[in-house]
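The values are calculated or read from the model by the stated rules, or taken from the named source; none is laboratory data. What you see is a predicted model; the values in this text were computed from it and never measured. Every residue, glycine among them, receives a Cβ derived from its backbone with ideal geometry; neighbour counts consider all protein chains shown.
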Amino acid sequence: MSNPLTIDAVPGTSYADITREFDAPVEALFRAHADPALFAQWIGPGEERTEVTHWDFRSGGGYRFVQRDARGEYAFRGVFHTTRENELIIQTFEYEGWPDEVSMDAIRFEALLDGRSRLVDHSVFSTIEVLENMVAEGMERGMREGYEKLDRMLAAGV
(Lines give C-alpha, C1' and ligand atoms only; values in the text may rest on other atoms or scores of the structure.)
Protein backbone atom coordinates (compact mmCIF):
# COMPACT_ATOMS: atom_id res chain seq x y z
CA MET A 1 0.00 0.00 0.00
CA SER A 2 1.32 3.43 -0.85
CA ASN A 3 1.58 6.34 1.51
CA PRO A 4 -1.41 8.70 1.50
CA LEU A 5 -1.37 11.96 -0.44
CA THR A 6 -2.81 14.94 1.40
CA ILE A 7 -3.96 17.98 -0.57
CA ASP A 8 -5.23 20.74 1.67
CA ALA A 9 -6.95 23.25 -0.60
CA VAL A 10 -9.10 25.46 1.63
CA PRO A 11 -12.18 26.73 -0.25
CA GLY A 12 -11.96 30.44 -0.96
CA THR A 13 -8.14 30.49 -1.04
CA SER A 14 -5.72 30.33 -3.97
CA TYR A 15 -3.20 27.93 -2.46
CA ALA A 16 -2.86 24.24 -1.70
CA ASP A 17 -0.60 22.46 0.75
CA ILE A 18 0.44 19.03 -0.48
CA THR A 19 2.14 16.42 1.70
CA ARG A 20 3.33 12.92 0.87
CA GLU A 21 5.77 10.53 2.57
CA PHE A 22 8.03 8.09 0.72
CA ASP A 23 9.74 4.89 1.79
CA ALA A 24 13.09 6.08 0.45
CA PRO A 25 15.83 8.46 1.56
CA VAL A 26 15.50 12.16 0.86
CA GLU A 27 18.47 11.98 -1.55
CA ALA A 28 16.65 9.51 -3.80
CA LEU A 29 13.42 11.52 -3.66
CA PHE A 30 15.22 14.73 -4.57
CA ARG A 31 17.17 13.02 -7.39
CA ALA A 32 13.86 11.80 -8.88
CA HIS A 33 12.76 15.45 -9.07
CA ALA A 34 16.11 16.79 -10.35
CA ASP A 35 17.06 14.22 -13.01
CA PRO A 36 14.97 14.68 -16.20
CA ALA A 37 15.15 11.00 -17.19
CA LEU A 38 13.83 9.94 -13.78
CA PHE A 39 11.27 12.77 -13.63
CA ALA A 40 9.80 11.69 -16.99
CA GLN A 41 9.22 8.18 -15.66
CA TRP A 42 6.93 9.16 -12.79
CA ILE A 43 5.29 12.55 -13.36
CA GLY A 44 1.55 12.49 -14.04
CA PRO A 45 -1.26 9.96 -14.31
CA GLY A 46 -0.52 6.32 -15.04
CA GLU A 47 -1.60 6.27 -18.67
CA GLU A 48 0.32 9.38 -19.72
CA ARG A 49 3.80 9.21 -21.19
CA THR A 50 6.14 12.14 -20.61
CA GLU A 51 8.83 13.63 -22.82
CA VAL A 52 11.10 16.26 -21.30
CA THR A 53 11.86 18.79 -24.04
CA HIS A 54 13.90 21.26 -21.96
CA TRP A 55 15.59 20.79 -18.58
CA ASP A 56 18.04 23.17 -16.91
CA PHE A 57 17.86 22.16 -13.26
CA ARG A 58 19.61 24.99 -11.43
CA SER A 59 18.58 28.19 -9.69
CA GLY A 60 17.45 30.42 -12.57
CA GLY A 61 17.03 27.50 -14.98
CA GLY A 62 13.85 26.26 -16.60
CA TYR A 63 11.98 23.24 -17.87
CA ARG A 64 9.32 22.05 -20.29
CA PHE A 65 7.72 18.64 -20.64
CA VAL A 66 4.94 17.16 -22.76
CA GLN A 67 2.57 14.42 -21.64
CA ARG A 68 0.64 12.30 -24.11
CA ASP A 69 -2.24 9.88 -23.77
CA ALA A 70 -5.05 8.55 -25.98
CA ARG A 71 -6.94 11.86 -25.70
CA GLY A 72 -4.12 14.20 -26.68
CA GLU A 73 -1.06 16.13 -25.66
CA TYR A 74 -0.49 18.38 -22.64
CA ALA A 75 2.56 20.62 -22.26
CA PHE A 76 3.89 22.24 -19.08
CA ARG A 77 6.71 24.67 -18.46
CA GLY A 78 8.29 26.73 -15.73
CA VAL A 79 11.33 28.27 -14.11
CA PHE A 80 13.43 26.83 -11.32
CA HIS A 81 13.84 29.88 -9.08
CA THR A 82 15.76 28.07 -6.36
CA THR A 83 17.25 24.59 -6.18
CA ARG A 84 18.95 23.47 -3.01
CA GLU A 85 20.08 19.83 -3.14
CA ASN A 86 18.05 17.44 -0.99
CA GLU A 87 16.23 20.35 0.61
CA LEU A 88 14.22 22.73 -1.60
CA ILE A 89 12.90 23.47 -5.08
CA ILE A 90 11.06 26.72 -5.72
CA GLN A 91 9.57 26.75 -9.20
CA THR A 92 6.80 28.12 -11.34
CA PHE A 93 4.39 25.73 -13.07
CA GLU A 94 2.29 26.58 -16.12
CA TYR A 95 0.01 24.34 -18.15
CA GLU A 96 0.34 25.66 -21.70
CA GLY A 97 -3.34 24.91 -22.32
CA TRP A 98 -4.16 27.67 -19.80
CA PRO A 99 -1.62 30.31 -20.80
CA ASP A 100 -0.83 33.11 -18.36
CA GLU A 101 -1.99 31.08 -15.35
CA VAL A 102 1.17 30.29 -13.42
CA SER A 103 1.49 28.74 -9.99
CA MET A 104 4.47 29.07 -7.67
CA ASP A 105 5.56 25.94 -5.82
CA ALA A 106 7.86 25.72 -2.81
CA ILE A 107 8.71 22.02 -2.57
CA ARG A 108 10.54 20.97 0.60
CA PHE A 109 12.25 17.63 1.10
CA GLU A 110 12.44 16.36 4.69
CA ALA A 111 14.47 13.40 5.91
CA LEU A 112 12.57 11.10 8.27
CA LEU A 113 13.67 8.22 10.48
CA ASP A 114 14.51 4.81 9.03
CA GLY A 115 15.60 6.16 5.63
CA ARG A 116 12.19 7.59 4.78
CA SER A 117 11.35 11.08 3.52
CA ARG A 118 8.54 13.59 3.23
CA LEU A 119 7.70 16.00 0.43
CA VAL A 120 5.85 19.19 1.44
CA ASP A 121 4.65 21.45 -1.38
CA HIS A 122 3.07 24.86 -0.86
CA SER A 123 1.49 25.73 -4.21
CA VAL A 124 0.14 29.24 -4.79
CA PHE A 125 -2.11 29.89 -7.79
CA SER A 126 -2.88 33.24 -9.41
CA THR A 127 -6.58 33.08 -8.51
CA ILE A 128 -9.03 30.95 -6.57
CA GLU A 129 -10.60 29.92 -9.89
CA VAL A 130 -7.34 28.55 -11.28
CA LEU A 131 -6.86 26.34 -8.23
CA GLU A 132 -10.48 25.19 -8.42
CA ASN A 133 -10.00 24.36 -12.13
CA MET A 134 -6.85 22.36 -11.37
CA VAL A 135 -8.69 20.38 -8.70
CA ALA A 136 -11.68 19.84 -11.03
CA GLU A 137 -9.40 18.66 -13.87
CA GLY A 138 -7.95 15.85 -11.78
CA MET A 139 -5.02 17.33 -9.87
CA GLU A 140 -5.40 14.78 -7.05
CA ARG A 141 -5.58 11.77 -9.37
CA GLY A 142 -2.60 12.91 -11.42
CA MET A 143 -0.47 13.52 -8.35
CA ARG A 144 -1.54 10.30 -6.60
CA GLU A 145 -0.87 8.12 -9.65
CA GLY A 146 2.42 9.88 -10.34
CA TYR A 147 3.61 9.38 -6.78
CA GLU A 148 2.58 5.72 -6.94
CA LYS A 149 4.84 5.35 -10.02
CA LEU A 150 7.56 7.15 -8.06
CA ASP A 151 7.09 4.71 -5.16
CA ARG A 152 7.74 1.79 -7.53
CA MET A 153 10.84 3.50 -8.96
CA LEU A 154 12.25 4.25 -5.52
CA ALA A 155 11.55 0.69 -4.34
CA ALA A 156 13.52 -0.58 -7.36
CA GLY A 157 16.48 1.49 -6.22
CA VAL A 158 16.40 4.08 -8.99
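A few remarks follow.
- Boolean, residue 80 is touching a helix residue (DSSP H, G or I) at 6+ places or on another chain (Cβ under 8 Å) and buried (at least 18 other Cβ atoms within 10 Å of the Cβ): no
- Cβ-Cβ contacts under 6 Å between residues 6 or more apart (or on different chains), taken from a first residue in region 27-39 that is over 18 Å from residue 106 (Cα atoms) to a second residue that is aliphatic (A, V, I, L, M) and buried (at least 18 other Cβ atoms within 10 Å of the Cβ), are listed as 28/154; 38/32.
- Only a single item in (1) at pLDDT 90 or above; (2) assigned to a helix (DSSP H, G or I) is not met by residue 118, and it is number (2).
- Residue list for region 83-115, restricted to those being surrounded by 14 or more Cβ atoms within 10 Å (Cβ to Cβ), over 16 Å from the mean Cα position of the chain (by Cα) and modelled with pLDDT under 95: 101
- Per the listing 57, 76, 39, 30, the residue uniquely part of a strand (DSSP E or B) and aromatic (Phe, Trp, Tyr) is 76.
- Counting only residues that are within 19 Å of residue 59 (Cα to Cα), in contact with a strand residue (DSSP E or B) (Cβ under 8 Å, 6 or more places away or on another chain) and not in a strand (DSSP E or B), region 79-115 holds 2 of them.
- Some residue of region 141-157 being under 18 Å from residue 59 (Cα atoms), in contact with a Gly (Cβ under 7 Å, 6 or more places away or on another chain) and touching a residue at least 24 places away in the same chain (Cβ under 8 Å): no
- Of all residues in region 64-90, those satisfying the criterion of being within 21 Å of residue 139 (Cβ to Cβ) and free of Cβ contacts under 8 Å to residues at least 24 places away in the same chain are 64, 66, 68, 70, 71, 72, 73, 75, 76, 77, 79, 90.
- Count of region 1-57 residues which are more than 15 Å from the chain's Cα centre (by Cα), closer than 22 Å to residue 132 by Cα and buried (at least 19 other Cβ atoms within 10 Å of the Cβ): 1
- Among the residues examined, residue 143 does not qualify as at pLDDT below 90 and within 15 Å of the chain's Cα centre (by Cα).
- Positions within region 7-25 being under 16 Å from residue 106 (Cβ atoms) and not in a loop (DSSP other than H, G, I, E, B), in sequence order: 7, 8, 15, 16, 17, 18, 19, 20
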